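Read-outs throughout are calculated quantities, based only on the coordinates presented, and are distinct from any laboratory measurement. What you see is a predicted model, and the numbers here were worked out from it, not measured in a lab. Because the Cβ atoms are built from the backbone with ideal geometry, glycine has one as well, and the counts that use them run over all protein chains shown.
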DNA sequence: GCTATTACTTGACAAAGTCAAGTGTATTAC
DNA sequence: GTAATACACTTGACTTTGTCAAGTAATAGC
């Protein structure tokens with residue numbers, strides 16, 4: 001394996017870290033931190049969501065997550081109910097307000113991505129996506 | 001522009017955020033935070049480096065950067081000298097120790113990337129890189 | 001039923017990042 | 001030339017974000 005190859009992959013990683021950083025700046029204007037946004041995303045996109053399931057999706061300290069969820073409850077964004085099957089688990093459901101806030105965040109993320117690619121032709125946009133998905137397939141295969 | 005396209009790009013972004021997150025965990029074992037590592041990288045890879053130049057490479061609070069540099073000086077990783085041309089600027093140079101520490105960090109990053117792709121064939125590795133570089137070209141063009 | 005494990009919570013703390021005012025140097029406008 | 005302005009960086013005060021470990025309550029394994 002050449003160092004050249006690795007260096008260039010790392011260069012891409014720095015580049016893409018910046019891209020993600022730019023996109024994440026939207027959170028500065030929102031009510032949410034980046035991590036809170038990610039948590040809300042999982043809550044709104046996971047069947048029978050629980051803290052346990054969220055922690056399977058990405059690395060986050062248990063206590064920190066607990067506090068974020070607590071904060072969401074206080075803001076009226078989610079409801080927690082004890083799971084009927086297993087009393088240690090809490091089932092987490094977004095409230096109507098939670099769904100609305102998530103939809104807002106979602107739209108603003110969509111707008112940003114749209115801006116990011118608006119100057120590309122349709123062909124180029126399709127090419128971009130197909131390359132992304134190929135990268136993902138390769139990296140997942142390599143795990 | 002279809003929503004489907006945007007959704008799938010966002011899905012890639014979440015995926016790649018996790019990849020970068022995994023790679024960044026190496027910093028937990030090192031003497032540096034992620035941001036410090038990035039700053040040290042720029043110092044070791046920029047001609048006539050200054051705080052101003054670092055801030056052109058990525059978004060970082062001026063005061064925060066100043067403190068990181070101060071910390072590096074105290075650790076003996078860098079030397080700051082007033083620029084002869086413009087007394088407002090400080091020229092930042094890594095010391096021998098700074099270069100060594102950076103080399104360590106660098107090697108451990110290289111190892112991680114090597115691990116990440118070791119199960120791919122040479123052809124697949126080359127394909128991965130070429131797709132990354134095409135993505136970068138497209139996104140830079142679109143700016 | 002006793003022990004161990006699991007899911008989550010809480011307290012204390014540290015790290016990371018932000019904001020605004022402050023210092024010294026350079027540039028611009030007259 | 002000098003007064004006003006801009007620039008590069010520093011410092012103080014602060015908030016946000018994240019971590020660690022001990023604690024509570026429920027379940028699982030024997």
Query - Selection count where residues are touching a residue at least 12 places away in the same chain (Cβ under 8 Å) and touching a helix residue (DSSP H, G or I) at 6+ places or on another chain (Cβ under 6 Å), scope the stretch A:107-143 - result: 3
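Looking only at the stretch B:37-57, filter to residues that are over 15 Å from residue B:98 (Cα atoms) and in contact with a helix residue (DSSP H, G or I) (Cβ under 6 Å, 6 or more places away or on another chain); which one of those is farthest from DNA strand C (Cβ to nearest atom)?
It comes out as B:57.
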Report summary line: Those residues of the stretch A:23-53 that are without any contact (Cβ under 8 Å) to a residue 24 or more places away in the chain and either under 11 Å from the mean Cα position of the chain (by Cα) or more than 14 Å from DNA strand D (Cβ to nearest atom) (or both) come to a total of 8
Report task. Output the number of residues of the stretch B:1-22 satisfying the condition of being at the interface with another protein chain (Cβ under 7 Å from one of its Cβ atoms) and either surrounded by 15 or more Cβ atoms within 10 Å (Cβ to Cβ) or closer than 25 Å to residue A:59 by Cα (or both). Result -> 14
Query - Options B:28, B:34: the member that is within 10 Å of DNA strand C (Cβ to nearest atom), surrounded by fewer than 14 Cβ atoms within 10 Å (Cβ to Cβ) and within 14 Å of chain A (Cβ to nearest Cβ) - result: B:28
Requested in this report: Please go through the stretch A:96-107 and pick out each residue that is more than 10 Å from chain B (Cβ to nearest Cβ) and away from DNA strand D (no atom under 16 Å from the Cβ).
Outcome: A:96, A:97, A:98, A:99, A:100, A:102, A:103, A:104, A:107
Query raised in the report: Among the residues of the stretch B:74-95, is there at least one that is within 12 Å of DNA strand D (Cβ to nearest atom) and within 12 Å of residue B:36 (Cβ to Cβ)?
Result: yes
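Identify all residues within the stretch B:134-143 that are facing chain A (nearest Cβ under 9 Å) and either farther than 14 Å from residue A:12 by Cα or over 17 Å from the mean Cα position of the chain (by Cα) (or both); write none if there are none.
B:134, B:135, B:138, B:139, B:140, B:141, B:142, B:143
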Report task. Please tell me if residue A:125 is over 17 Å from the mean Cα position of the chain (by Cα) and facing chain B (nearest Cβ under 8 Å). Result -> yes
Query raised in the report: How many residues are away from every other protein chain (no Cβ under 13 Å) and either buried (at least 16 other Cβ atoms within 10 Å of the Cβ) or touching a residue at least 40 places away in the same chain (Cβ under 8 Å) (or both) when one looks only at the stretch A:54-72?
Result: 5
Query - Top-ranked residue of the stretch A:82-106 - restricted to ones that are in contact (Cβ under 8 Å) with a residue 40 or more places away in the chain and either over 19 Å from the mean Cα position of the chain (by Cα) or on the phi > 0 side of the Ramachandran plot (or both), ranked as surrounded by the fewest Cβ atoms within 10 Å (Cβ to Cβ) - result: A:91
